Amino acid sequence: MSKIRLITDSASDVSERNEKKYNIKVLPFNVTMGNKSYVSRVDFNNDKFYEMMDAYDGLPLTSQYTAFQFEEVYGELYREGVTDIICVLINSQGSATYNNSLMARDSFFENNPDAVGNLNITSIDSRTYTGGYGYPVVEAAKMIERGENAEAVIDYINHWVENCTILFAPYSLKYARKSGRIPSAAAFVGDALGLKPIMRIFDHVISTDTKVRGEKSIITTIVQMTAGEIEPQTPYCVVYGNDSAVRDDLARAMTQKLGYPPDDFYQIGAAIAVNAGPRVVGAVFKKKR
């Protein structure tokens, strides 16, 4: 009888509640601030990290999950009787984590020949960040609970990540400027003029779609753009940071425009906040073909 186990990393922003409820293995990224190193989801929760960011003048740095660490996890799960490991991991263009999972798979089978034919390891490059792949991981866990097989689960996840779009806005360009996600000059001019970028994440790429003037235009623009692009009647999610008010504003506006509420909410953790800043809001959805 098959036993399927889902693995993701902490940049998926799967909540601790869903992690426990659906037995999802979330691999935490390390975060370095100055000469101190922390383990996300272990040494701090999201709210605590936002406070740490505010008090720190530099740029927190995150580190990838190593091939050695992956191989240890594979061995642990194999000894537990798992027959199918499905890893859904952070955008390969933003981290070496996905590639490390592949190297670890090859090394694991080389070092454990008895596992060949008894264990399947599948790694999926999410092509995206935060709830863009956290959402399909949770939905895949529900499929496993219903008794669906590994092939069906993998097909579902691949279909989602191939079509997933995130439209989001950082309310401050301070952290994007530090991390290099937005060129320093553009970030400076944007802040000076009160311009806020509406950014898109799709198929590995982060790009600026448009700019709006003032915070009030952010929600309206994201709603209008999402309504024009979403596959009709498919679920969507709201991503947010340290401001639950903008989360709720976007959820209300989206519900009014689309006629149904968001399926879930994803609060960004350390891996995303170090680049976008703690105050963000956005929509995750499946783009119509």
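Evaluate the following for Ala176: is it under 23 Å from Asp243 (Cα atoms) and either crowded, with 21+ Cβ neighbours inside 10 Å or not basic (Lys, Arg) (or both)? Against the criterion (under 23 Å from Asp243 (Cα atoms) and either crowded, with 21+ Cβ neighbours inside 10 Å or not basic (Lys, Arg) (or both)), Ala176 qualifies.
For Ala192, the conditions (1) within 23 Å of the chain's Cα centre (by Cα); (2) modelled with pLDDT under 80; (3) in a helix (DSSP H, G or I) all hold with the exception of (1).
Of the helices (runs of 4 or more DSSP H) entirely within the range 61-149, those holding at least 3 residues that are among the β-branched types (Val, Ile, Thr) and in the same structural domain as Val26 (by TED's automatic domain parsing) occupy 131-145.
Each residue in the range 162-189 was checked for being assigned to a helix (DSSP H, G or I) and modelled with pLDDT of 90 or more, and 2 of them qualify.
Take the conditions at positive phi, surrounded by 13 or more Cβ atoms within 10 Å (Cβ to Cβ) and under 16 Å from the mean Cα position of the chain (by Cα) and apply them to Asp203. Does it pass? So that I can check it myself, show each step before the final result.
Values: at positive phi: yes; surrounded by 13 or more Cβ atoms within 10 Å (Cβ to Cβ): yes; under 16 Å from the mean Cα position of the chain (by Cα): yes.
Answer is yes for this residue.
When Ile85 is tested against (1) in contact with a Lys or Arg (Cβ under 7 Å, 6 or more places away or on another chain); (2) farther than 21 Å from Lys20 by Cβ, only condition (2) is not met. The one condition from (1) more than 19 Å from Asn242 (Cα to Cα); (2) touching a Lys or Arg at 6+ places or on another chain (Cβ under 8 Å); (3) small (Gly, Ala, Ser) that Ser10 does not meet is (1).
Quick check on Tyr156: is it under 30 Å from Ser179 (Cβ atoms), assigned to a helix (DSSP H, G or I) and either over 18 Å from the mean Cα position of the chain (by Cα) or outside the structural domain of Ile268 (by TED's automatic domain parsing) (or both)? Answer is no for this residue.
Just one of (1) under 18 Å from Gly94 (Cβ atoms); (2) at pLDDT below 85 fails for Ile124. It is (2).
Residues being in a loop (DSSP other than H, G, I, E, B) and of a type in the set (D, E, K, R): count how many of those fall in the range 231-252.
Taking the range 231-252 as the starting set, the residues that turn out to be in a loop (DSSP other than H, G, I, E, B) are 231-235, 241-243.
Adding the requirement that they be of a type in the set (D, E, K, R) leaves 231, 243.
So the answer is 2.
In the range 49-74, the residue that is farthest from Ile90 (Cα to Cα) out of those that are small (Gly, Ala, Ser) and surrounded by fewer than 16 Cβ atoms within 10 Å (Cβ to Cβ) is Ala55. Ser12 meets all of the listed conditions (1) at pLDDT 95 or above; (2) more than 19 Å from the chain's Cα centre (by Cα) but one, namely (2).
Would you be able to tell me the number of residues in the range 240-276 that are polar (S, T, N, Q) and under 28 Å from Gly58 (Cβ atoms)? Please lay out each step first, then the result.
Start the filter on the range 240-276 by keeping residues that are polar (S, T, N, Q), which leaves 242, 244, 255-256, 267, 275.
From what's left, under 28 Å from Gly58 (Cβ atoms): 242, 244, 267, 275.
Going through the range 240-276 one residue at a time, the tally reaches 4.
Candidates Ser126, Ser95: the one that is surrounded by fewer than 22 Cβ atoms within 10 Å (Cβ to Cβ) and under 30 Å from Val284 (Cα atoms) is Ser95. For Val39, the conditions (1) crowded, with 18+ Cβ neighbours inside 10 Å; (2) free of Cβ contacts under 8 Å to residues at least 24 places away in the same chain; (3) β-branched (Val, Ile, Thr) are fulfilled apart from (1).
The values are calculated or read from the model by the stated rules, or taken from the named source; none is laboratory data. This one's a predicted model, so the numbers in the text were calculated from it and none came from an experiment. Here Cβ is always computed from backbone atoms with ideal geometry, including for glycine, and neighbour counts include all displayed protein chains.
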